[in-house]
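The values are calculated or read from the model by the stated rules, or taken from the named source; none is laboratory data. Here the structure is a predicted model, which is why all the values come from computation and not from measurement. Ideal geometry is used to build each Cβ from the backbone, glycine not excepted, and the neighbour counts take in all protein chains shown.
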Amino acid sequence: MHWDDGYASEDCLRVNVWTSSIREDTKLPVMVWLHGGGFSEGSSQEQIGYDGTNLARDHGVVVVSLNHRLNALGFLDLSAYGAKYAKSGNVGMLDIVKALEWVKANISAFGGDPSNVTIFGQSGGGGKVTTLMAMPSAKGLFHKAIVQSGSIFNLMEPKYSRRIGAATVTKLHISPSTINRIADVPYAELLSAYKAAVKEVVEEARRDDALPENFLDMILFGQTPVVDGEVIPFQPSAQEAFAISKELPVIIGTVYNEFTPDREDPIFRPLALRQAADRTSAGCAPVYLYRFDWKTPVLDGAMGSPHCIEIPFVFDNVLLHRTFTGGGEDAVQLGHRISSLWTHFAKTGKPVAEGMPEWTPYPDNLIINIESILTNH
């Protein structure tokens, strides 16, 4: 994977920008990438496939990626401890909103068009895209969205997120009257207490029969943003949340195997189908559904079409990331087509590319492979 974990620091609020122009009158479409790793880990440079050079140089877009606070630093809910901490369970998402505000204010200096911004992300990054579509403070900061293996429906409810906050504070031997001491706790100690608190409260929720029904939301329980009624007023699956992003065209999809190399993925696919169906039923702008079926020949094909495999294709980095893709000529050409679909969508709201079928909205489904076809989902 050519993985690069970088180094951890709360001083993490950074953006990376790739562009082919610094003329303010160029007005190139902007694509803002949100990295994976759930809401707990990852970074904007962890995979070589995230490199935005080829998209910016060859496809006429400005690419932005960013870092933000994660895990206990980004999503530990201390709202029970007073107004100072009222938004603490969502500061990781508010970091992303601040980055999008930075894009709106500054991207024209990099040749970008602040009125034409697409957010896209994979896995946890797709979950962040879904969450941003339910956040009033993010409305108007982006105009299209792409969710890659990251449909999510159940964020934390305060009942349990506050329990995690209280358990974390207790484990750190901090009282409500000395809560400000938490800022001085070393990160490793804070993270250890947070993880132990999450584990404890998951058991409580299990006894209460309150864990989500689907597997992905269940394993993320305790480690997501919080539906606090203000920063995030509604669950992303609520009709009221759809109203916030109703006008946005969206691409939603998965890869064939994800984490199950011997069969079609049973975890992400149903969630993607549900998100596409729910947005369509709510009368939202068109939803374009896909399934990425191409299988990597690396490791003698043992992985099939695994989680993250579409990323180097989306970024037109098939050759750059050949240790993951194999770098074959057919794969390289497929990468050119997929990156063209994504960037054309960023430009116009419609995913179109030479050599690809006409991609019509849900319930139609684009099966992406060397020979791509359009089917009913």
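May I ask you to verify whether GLY42 is in a loop (DSSP other than H, G, I, E, B), surrounded by 18 or more Cβ atoms within 10 Å (Cβ to Cβ) and touching a helix residue (DSSP H, G or I) at 6+ places or on another chain (Cβ under 9 Å)?
Yes.
Name the single residue that is farthest from THR254 (Cα to Cα) among those in the stretch 312-367 being in a loop (DSSP other than H, G, I, E, B), hydrophobic (A, V, I, L, M, F, W, C) and in contact with a strand residue (DSSP E or B) (Cβ under 9 Å, 6 or more places away or on another chain). Residue satisfying both the conditions and the ranking: MET356. Entry remark, the stretch 324-352: residues being on the phi < 0 side of the Ramachandran plot and free of Cβ contacts under 8 Å to residues at least 60 places away in the same chain number 16 in total. Close contacts from the stretch 162-176, counting a first residue that is in a loop (DSSP other than H, G, I, E, B) and a second that is among the basic types (Lys, Arg), with Cβ to Cβ under 7 Å and a gap of 6+ residues or different chains, come to ILE174/ARG181. Annotation note: Cβ proximity below 8 Å between a residue of the stretch 264-293 that is without any contact (Cβ under 8 Å) to a residue 12 or more places away in the chain and a residue that is of a type in the set (D, E, K, R) (sequence gap 6+ or interchain) occurs for ASP265/GLU258. Quick one: would you say THR348 is closer than 16 Å to PRO286 by Cβ, among the hydroxyl-bearing types (Ser, Thr, Tyr) and out of contact with any Asp or Glu (no Cβ under 9 Å at 6 or more places or on another chain)? It is true that THR348 is closer than 16 Å to PRO286 by Cβ, among the hydroxyl-bearing types (Ser, Thr, Tyr) and out of contact with any Asp or Glu (no Cβ under 9 Å at 6 or more places or on another chain).
The single condition among (1) outside any helix (DSSP H, G or I); (2) in contact with a Lys or Arg (Cβ under 8 Å, 6 or more places away or on another chain) that PRO266 does not meet is (2).
With respect to (1) within 20 Å of ILE152 (Cβ to Cβ); (2) under 18 Å from the mean Cα position of the chain (by Cα), the lone exception for ASP278 is condition (2). Scanning the stretch 368-377 for residues that are in contact (Cβ under 8 Å) with a residue 24 or more places away in the chain, over 16 Å from VAL314 (Cβ atoms) and in contact with a strand residue (DSSP E or B) (Cβ under 7 Å, 6 or more places away or on another chain) turns up just one, HIS377. The one condition from (1) at pLDDT 95 or above; (2) surrounded by 19 or more Cβ atoms within 10 Å (Cβ to Cβ); (3) assigned to a loop (DSSP other than H, G, I, E, B) that ARG291 does not meet is (3).
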